[in-house]
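Student: One structure coming up, written as structure tokens, with questions to follow.
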Amino acid sequence: MANMVFNTLTKQKEKFIPREPGKVSIYVCGVTPYDYAHIGNARPPVVWDCIRRFLRYQGYQVTLVQNFTDVDDKIILRAQQSGKEPLDLAAEFAEIYLTDLAMLGVERATYYPKVSEHIPEIIQMVQGLVEKGHAYVLEEDVYFAIDSFPEYGKLSGRQLEEMMSGARVDVDHRKRNLMDFALWKAAKPGEPSWESPWGKGRPGWHIECSAMSLKYLGSGFDFHGGGTDLIFPHHENEITQAEAYCGSKPFVRYWLHSAFITLSGDKMSKSLGNVVTIREACTHFSPKVVRFWLLGTHYRNPLSFGEEELKAAARGLERLETAKENWKHLLSTKIRDQAEDGSVDSITEFIVDSKKRFINALEDDFNTALSLGVLYELVREINKWALAEGFQLTVANKQALQEALSVLEELGDLLGIWFAVEPQERGVSAEQVEELVKKREEARASKDFKTADWIRDSLKKQGIILEDTPQGVRWRRGDS
Ligand SMILES: [Zn+2]
């Protein structure tokens, strides 16, 4: 069976046919690194990490690109608040995010391009769009003219009126159409900016992903991923710019979107304030449990973050890990030569069939939830057989059990659920905490409560809780 994938563009499941035989190119929208990343930012990279492992298993050579939006209003604002240079602040949080992903067992992408390092490519694309009549200059800003692209709206399936009411439209009456979006923005004082044919400025948000994906993957690449919140306007605008610029389509063959993570029923987003960072989650639960929980739901379905859900994931993972250890132990025991060697055909058949069903689940729109279900069944059946009273390790039984173990290990590897050792790097070190606690004390002594609160808040996002006691400040990891 070929891989089937649900394509947001056509709104249906389609057979996956790569642009180039044997090769798969993937672009996933990354984060704006202005703070510790929240748990929702872990979903796309973990999902794509599995997809990449599976595609490699199928023999494809995979190129995976995930960007960093390191030029952005949120970064500039946070930099002003903390007295840092915007690009330094972004670089710091980008590194932290990569450490978070490593903690979750995500292999490094092939490329992690940053906007600040691709300004020439972006300017070239904006210029090309102006020359082709798809964009126009308004003083020192450049806008994309959506009326020049009749297919505008094809990804999100939205009509113009709907877009205007749904999006935060930048109401600038100089624009030809109110939905025209900025490709290049004139610099405001104190912002990072670059020389351009239109004066000193910086890119609008959407253009970066078109410019960087085209640079690393070329037009017509295979998969574009990201959260469903990016479908409109970000991805709609990406298609529009890229297809207008290249004069060809498709820009992307398959658009795959992962659903939200909710917290106590609310969409988790910074604006709502009820945010759990990846680091906080990994303080309460082992990173491997967090990863396992992320994979326990199909990527297109919403996922809920809570104590119960994570505990259930921990139990599920433990079941698989315990089986693996039990089988290994059993295999290390002595073969009973005298024992009657019965038929293991039905067991062997079940193992082969399990593997097939596991692969089928991933072929069907990368359904990790279903594939985990197959592993549970495999463990249940093999345990029933091998851990039953009277089981004897004969030559044939050993072979079958060995096969079950190999299959469990191999398939678990495709999901990246076996962590050889608990990752050492689980965030901030004790010395770093002590140092920050000291800084906070100094800030409080000089009545700089803003800094003091900021340090406390920042430590909380890393899973560190401070307690002010009469004897001084005490700190601990987690809130249990
Ligand atoms: Zn993007």
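Derivation of every value follows stated rules applied to the coordinates shown; laboratory data play no part. Keep in mind that what you see is a predicted model, and the values were worked out from it rather than measured. Cβ atoms come from the backbone with ideal geometry, glycine included; neighbour counts cover every protein chain shown.
Student: Which whole-percent values make up P(r) of region 111-261 when all C-alpha to C-alpha distances are grouped in 5 Å steps starting at zero?
Tutor: So the P(r) values, bin by bin, are 2, 9, 19, 23, 22, 16, 8, 2, 0.
Student: For a 24 Å ceiling on Cα separation, which of these pairs sit above it: LYS13/LYS132; LYS13/LYS356; LYS132/LYS215?
Tutor: Those over the limit are LYS13/LYS132.
Student: Right, here's the next one. Cross-link candidates for LYS114: which aspartates and glutamates have Cα within less than 15 Å, leaving aside residues fewer than 8 places away along the same chain?
Tutor: List returned: ASP70, ASP72, ASP88, GLU92, GLU95, GLU208.
Student: Ok, one more. GLY225: net charge of surrounding residues, Cβ under 14 Å, Lys/Arg +1, Asp/Glu -1, itself excluded?
Tutor: Summing Lys/Arg as +1 and Asp/Glu as -1 gives -1.
Student: On to the next question. Kindly state, to the nearest 0.05, the FRET efficiency for ASP413 paired with ASP345, given R0 = 35 Å and r defined as their beta-carbon distance. Intermediate results must be reported in sequence, preceding the final value.
Tutor: On the way: r = 27 Å, r/R0 = 0.77.
It comes to 0.85.
Student: Tell me, what is the percent relative contact order of the chain, built from C-alpha pairs under 8 Å that lie six or more residues apart?
Tutor: Values: 710 pairs, mean separation 80.3, N = 480.
So the answer I get is 17 percent.
Student: Moving on. Per residue and in Å³, how big is the convex hull formed by the alpha-carbon atoms of region 2-58?
Tutor: 111 Å³
Student: Follow-up. May I ask you to derive the FRET efficiency for TYR376 and LEU77 from their Cβ-Cβ distance with R0 = 41 Å, giving the value to the nearest 0.05?
Tutor: Details: r = 46 Å, r/R0 = 1.13.
E between TYR376 and LEU77, to the nearest 0.05, is 0.30.
Student: Measure nothing fancy, just the Cα-based angle from helix 449-461's long axis to the longest principal axis of the chain, in degrees from 0 to 90, nearest 10.
Tutor: Tilt of helix 449-461: around 30 degrees.
Student: Could I ask something else about it? Tell me, in nm to one decimal, what length is gained between SER406 and GLU325 on full extension, where the rule is 0.36 nm per residue of separation less the Cα-Cα distance?
Tutor: Details: separation 81, 0.36 × 81 = 29.16 nm, distance 1.22 nm.
Between SER406 and GLU325, full extension yields 27.9 nm more.
Student: Something else about it: In region 293-415, with Lys and Arg counted as +1 and Asp and Glu as -1 at Cβ, which of these residues, LEU362, ASN301, LEU378, has the Cα nearest the positive end of the dipole, that is, farthest along it?
Tutor: It is LEU378, whose Cα lies furthest towards the positive end.
Student: So, one more: Direction-averaged shadow area of the convex hull around the Cα atoms of the chain, nm²?
Tutor: Its Cα hull, projected and averaged over all orientations, spans 27.4 nm².
Student: Taking θ = phi - 60°, what integer Hz values does the Karplus form 6.51 cos²θ - 1.76 cosθ + 1.60 yield along region 149-156, in sequence order, with x for Gly and Pro?
Tutor: Calculated HN-Hα couplings, in order: 10, x, 8, 4, x, 6, 6, 7 Hz.
Student: Continuing with the same structure: Rounded to the nearest 0.05, what FRET efficiency is calculated for SER304 and SER429 with R0 set to 30 Å and r the Cβ-Cβ distance?
Tutor: 0.40
Student: From Cα coordinates alone, what are the radius of gyration and Dmax values for region 430-477 in angstrom?
Tutor: Calculated on Cα positions, Rg and Dmax stand at 9.9, 27 Å.
Student: How much net charge surrounds ILE17 when only other residues with a Cβ under 10 Å from its Cβ are counted (Lys, Arg +1; Asp, Glu -1)?
Tutor: +1
Student: By the scheme Lys and Arg +1, Asp and Glu -1, what is the net charge of all other residues having a beta-carbon under 14 Å from that of TRP48? Walk me through the numbers on the way to the answer.
Tutor: Numbers: positive: ARG43, ARG52, ARG53, ARG56, ARG108, ARG291, ARG300; negative: ASP49, GLU107, ASP222, ASP365.
Net of charged neighbours comes to +3.
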